[in-house]
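The values are calculated or read from the model by the stated rules, or taken from the named source; none is laboratory data. Computed from a prediction, not measured in an experiment: that's the story for all the values here. As a convention, Cβ positions derive from the backbone with ideal geometry for all residues, glycine included, and neighbour counts pool all protein chains shown.
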Amino acid sequence: MRILMMTNTYFPIVGGLEQSVYSFSEEFKTLGHEVLIVTPAFEGMPTEEPGVIRIPAIQKFNGTVFSVNFPVSGLLTRVMKEFCPDIVHSHCPFFMGDLALRLSRQHAIPLVFTYHTMFEQYMHDWPIQNEGVKRFIVKLAAGYANSVDQVIVPSESIQEILFKRGVKTPMEAVSTGVDLERFSKGNGQAFRQQNQIPLDALVVGHAGRLAPEKNLEFLTNCMVEVLKKDPRVHALIVGLGPLEKMIKDTFKQAGLEKRLHLTGVLHYQHLVDAYFAMNVFAFASLSETQGIVLIEALAAGIPVVALDAPGVREVIEDYHNGRLLNEMDQQSFVDALIWALSRTPEELQTIKQVTRMMVQKYPINASAKRMLEIYENVRSRKSISVGKRNSSKFLFLWRMKAEWDICSNYIKSAATSVFEGKFQETEPIKICDTTGDLSKGAMPCPARESEPDRYVMTTDGKRIAFSHVKGGFSKVVIIAHGFYTNKDTVLFKKMADAFNKEYDVIVFDFRGHGKSNDVFTWTAHEQKDLRAITAYAKENHYAKIGVIGFSLGAAIALIEASCHQNIDSVIAVSAPADLGSINYHFWEKDMWKDLVLNFGVKGRGKGIRSGSLSLQKIRPCDIVDKISPTPVLFLHGEKDWLVKLSHSQILFDKTKDPKALTIIKDGGHAERIFDVFPDQFMKICLDRFRETL
């Protein structure tokens, strides 16, 4: 396959995008494919670059290191004729991106686009800097994504953001992998000797472009505080950029300049050795789509301390391969760095093993093979006959459509910049900032806040969304909703807050509901969803795990606990003994109260994507006798119109001790018991969990 890569930035600029283009290109060549990279001319670019074509450009645009190409597709006419690409892969949504769109349409070649950059975080590089320009850039990038044939995102959290921004083009998450073997072999001692770092020093390290979008002022202040607390600690920073002077001045003002080591940009084995010279890698950027340096550090076995942000949370797991902090709080970040530096040799060895094991899913060869599969799928999906390819009329019309798409996208984006509309609703949840400086894409912090939505994968490849409300407790309660609802409805949010007074809480969406993907299988496969959530809870080292399930969620909790004994206590609210025996007494008054709940204010956001009812299922009544020794409380409303009280009575009779059955007088179905009798409901549940967890 012949692949044409088109990018606004490339070497000698060093960053994640440039590294991604280079890594994929080299791996494609290793696998026997041809790659041609087209990029603007830059000051300091190599004189000889096999496989790279530089086109004329305005260099040092707006006083930055970046170049802007001249928008003339005719500059590449001979290249297109001689190279004859099978796929055009754009890495930017404007400038070279527009040129890539014109070329792909002009020559009837599929266009793939990787969304590498959160452009709104780079406002400091633009001539005009205000909220209107930010809206313009965000809308322009999303509009461009809707003009291509396939969008690639480096992480799933970026995919969620693009969904909210209205991107409808097929998207695939493909991370930029690294050469894991190369980054697993380094000489940290030799590097320390070369850079006058004591061999017994504790080194806090960082690597990347030293630019404002990396939140380096916050990171630098945290490093300084750590150095103040321990005279053994040194700071090692790899990279170049406009904030280098700020970093030097900050350390100098603190009288710590002798313990600061700035190396500039490092390549090849020098970079690997730098990672091996570190004891912990510090990362505070909120602008990443992936964060390749995180994978490089982990491949070297170095724990990472980072802020929870898109592109970061997919890589770092709190207390497993480092610390992931959901507040931009200087003291918390300093404490996390000290935590990493104070691990015993045995604990460090365990962390190194975990980090290297977790990073095994990021090899560059696997990422490249996945990208090639996507290329082939796009080519087959967007195949154009030879006759049309040779038709000047067809190609002219496609070229005109490209110009129309580009022009209309700019017009719509300009309109958005003037009229804000629903722009804020499409923005990612921002991390809490306790520093008082909200210029870095953060927001003020409330007293207690749940973390942004997270995702786990089930054993059958379904993505399950969940919220993790942390309160610093050693035990966790998992809330499993029922049919037609989700974790973000009013009642489940209130319930999570109520449980969070004594427990950490995880509330999730079953497949086919809320933000989880796929369809609901009516308890045929949903236990895999709960199993993935309990596995996540165990990975977070909770001493005990309790599950409270509602209606079908209760049935799934009973099935999962009976099959795998992975739950310490179950509360089953309105659990059906047999899905085929649900009562549906529509004539009862309580049914109308449920309708008010489901379709009123408290039911906003409810819905379902239903799958087949004919899949083979496990009936709770057939397996609940195996749930012992897990304690179970069956909780049922006396006036439940949908799942009659007899269901819980059947399940209770079949269950072995320890068990209990509580009937709520005048109680309705599932979470409506909590809605009508919140104090009574919570007292029963908390008393039960205190007793059994």
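Looking at L216, is it within 24 Å of the chain's Cα centre (by Cα), aliphatic (A, V, I, L, M) and buried (at least 18 other Cβ atoms within 10 Å of the Cβ)? It is true that L216 is within 24 Å of the chain's Cα centre (by Cα), aliphatic (A, V, I, L, M) and buried (at least 18 other Cβ atoms within 10 Å of the Cβ). Suppose we filter V112, V88, V14, V35 for residues that are at pLDDT 95 or above, in contact with a Lys or Arg (Cβ under 9 Å, 6 or more places away or on another chain) and surrounded by 15 or more Cβ atoms within 10 Å (Cβ to Cβ); which single one remains? Going through V112, V88, V14, V35 in turn, just one is at pLDDT 95 or above, in contact with a Lys or Arg (Cβ under 9 Å, 6 or more places away or on another chain) and surrounded by 15 or more Cβ atoms within 10 Å (Cβ to Cβ): V35.
Has the stretch 537-545 got any residue that is in contact with a Phe, Trp or Tyr (Cβ under 8 Å, 6 or more places away or on another chain) and either crowded, with 19+ Cβ neighbours inside 10 Å or not assigned by TED's automatic domain parsing to the domain that holds I650 (or both)? Checking the stretch 537-545: not a single residue is in contact with a Phe, Trp or Tyr (Cβ under 8 Å, 6 or more places away or on another chain) and either crowded, with 19+ Cβ neighbours inside 10 Å or not assigned by TED's automatic domain parsing to the domain that holds I650 (or both). Given the criteria surrounded by fewer than 14 Cβ atoms within 10 Å (Cβ to Cβ), assigned by TED's automatic domain parsing to the domain that holds K683 and on the phi < 0 side of the Ramachandran plot, does S612 qualify? Answer is yes for this residue. A Cβ distance below 6 Å, combined with a sequence gap of six or more or placement on separate chains, defines the contacts here; from the stretch 162-179, residues that are at positive phi and assigned by TED's automatic domain parsing to the domain that holds Y375 reach residues that are surrounded by 17 or more Cβ atoms within 10 Å (Cβ to Cβ) and aliphatic (A, V, I, L, M) in the pairs G166/A142. Among the residues of the stretch 178-207, those that are closer than 14 Å to Y268 by Cβ and assigned to a loop (DSSP other than H, G, I, E, B) comprise D179, K185, G186, N187. Among the conditions (1) under 27 Å from E373 (Cβ atoms); (2) part of a loop (DSSP other than H, G, I, E, B); (3) at pLDDT below 90, the only one that V79 does not satisfy is (2).
How many residues are assigned to a loop (DSSP other than H, G, I, E, B) and under 29 Å from F119 (Cα atoms) when one looks only at the stretch 259-292? Qualifying residue count, the stretch 259-292: 11.
Screening N321 with (1) at pLDDT below 90; (2) over 16 Å from F283 (Cβ atoms) gives one miss only, at (2).
Taken together, L530, L491 contain a single residue that is within 17 Å of I627 (Cβ to Cβ), not assigned by TED's automatic domain parsing to the domain that holds R323 and not charged (D, E, K, R), which is L530.
Conditions (1) among the aliphatic types (A, V, I, L, M); (2) over 20 Å from G471 (Cα atoms); (3) in the same structural domain as P154 (by TED's automatic domain parsing), marked per residue:
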| residue | (1), (2), (3) |
| --- | --- |
| L262 | yes, yes, no |
| V265 | yes, yes, no |
| M278 | yes, yes, no |
| A299 | yes, yes, no |
| E317 | no, no, no |
| N321 | no, yes, no |
| L324 | yes, no, no |
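Every test in (1) of a type in the set (K, R); (2) outside any loop (DSSP other than H, G, I, E, B); (3) under 23 Å from the mean Cα position of the chain (by Cα); (4) over 24 Å from C563 (Cα atoms) is passed by K494 save one, and that test is (3). Regarding P310, is this residue crowded, with 20+ Cβ neighbours inside 10 Å and not basic (K, R)? For P310, the condition - crowded, with 20+ Cβ neighbours inside 10 Å and not basic (K, R) - is met. Restricted to helices (runs of 4 or more DSSP H) entirely inside the stretch 528-630, those with at least 1 residues that are in contact with a Ser or Thr (Cβ under 6 Å, 6 or more places away or on another chain) and modelled with pLDDT of 85 or more are 552-564, 620-623. Among the conditions (1) touching a Lys or Arg at 6+ places or on another chain (Cβ under 6 Å); (2) over 28 Å from I684 (Cα atoms); (3) modelled with pLDDT of 90 or more, I464 misses just one, which is (1).
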